[in-house]
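Engineer: One structure follows; several queries about it will come next.
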Amino acid sequence: MALTTYNKKRNFKATPEPEGKEGKKSLFRFVVQRHDASHLHYDFRLELGGVLKSWAVPKGPSMNPEDKRLAVMVEDHPVSYIGFEGKIPEGNYGAGRVEIWDKGVFIPVNKELEEMTEQEALQALNKGELKIFLEGGKLEGEFILIRFKNDEKNWLLIKHKDEYAVSEKYDSEKLSKAISKKTVKKKK
């Protein structure tokens, strides 16, 4: 089971986090959760393969293509974690406050920017390079996740130059008050 590591790290009698159970077909949702744990970071999660594929992004995602953000792959999380906000009590793995920073839908795309199936997206992820188009309250447009060579955990999260990109310094913390009220709809 893909969520074995997630479940082993948590005591569900002591944490409000949802227990790990695999979901069904992906709805291609994403969430970015601001996690003020031992070190402040942002958890970037994509709904794929019945779980949330997850990366810890220390500086948070950026809409500036010049920023190449380190994204450390962590254990898969259950799809039910997509709406999780709350305080993980001291003494538990990941203790600290978790709040939703952004959420929406994503579209996995190939090099020609054509929509990919879930299976194709999982294959691209396994090969170490996944292009996505995000439709969120704060994050929009093309992004790419690229795995470091000979390293399973460390990736880069990079914004592509498109009409949504910004050229000024991007500080996720300045935008951390609340997620935009913008309505997000999945493209058909």
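Each reported figure results from applying straightforward, stated rules to the coordinates on display, with no laboratory input. Here the structure is a predicted model, which means the values were calculated and not measured. Note that we place each Cβ from the backbone using ideal geometry, even for glycine, and neighbour counts take in every protein chain shown.
Engineer: Quick one: if you stick a label point 7 Å off each Cα along the C-beta vector at residue 90 and residue 21, how many nm between them?
Structural biologist: Modelled inter-label distance: 3.3 nm.
Engineer: Would you work out which of 65, 108, 126 lies farthest towards the positive end of the dipole of segment 4-164? Charges go on Cβ: Lys and Arg +1, Asp and Glu -1.
Structural biologist: 126
Engineer: Read phi for every residue in segment 157-173 and hand back ³J(HN,Hα) as whole Hz from Karplus 6.51 cos²θ - 1.76 cosθ + 1.60, θ = phi - 60°, with x for Gly and Pro.
Structural biologist: My calculation for segment 157-173 gives 10, 10, 7, 7, 6, 8, 5, 8, 5, 10, 9, 7, 4, 10, 10, 4, 5 Hz in order.
Engineer: Give me, ordered by chain and number, the residues 5 or more places off residue 64 or on other chains with an amide H under 5 Å from its own placed amide H.
Structural biologist: For residue 64, whose amide H was placed from the backbone, the distant partners under 5 Å are 166.
Engineer: While we're here: Taking chymotrypsin sites (Phe, Trp or Tyr not before Pro) that fall in a DSSP loop and have at most 16 other Cβ atoms within 10 Å as cut points, what is the longest piece of the chain between them?
Structural biologist: Answer from the scan: 13-92.
Engineer: In addition: Are any of the pairs 25/138; 68/111; 9/87; 8/149 more than 22 Å apart by Cα-Cα distance, and if so, which?
Structural biologist: 25/138; 8/149
Engineer: Taking the Cα centre of the chain as the origin, how large is its charge dipole in debye, to the nearest 20, when only Lys and Arg (+1) and Asp and Glu (-1) carry charge on their Cβ atoms?
Structural biologist: So the magnitude is around 340 debye.
Engineer: Which whole-number percent gives the relative contact order of the chain, counting Cα pairs below 8 Å spaced six or more residues apart?
Structural biologist: 22
Engineer: For the chain, which longest stretch is free of loop sites, where a loop site is one of the GluC sites (Glu not before Pro) that DSSP puts outside H, G, I, E and B and that has at most 15 other Cβ atoms within 10 Å?
Structural biologist: The reported range is 23-65.
Engineer: Listing 130, 113 from the residue with the fewest other Cβ atoms within 10 Å to the one with the most, what is the order?
Structural biologist: In order of increasing Cβ crowding within 10 Å: 113, 130.
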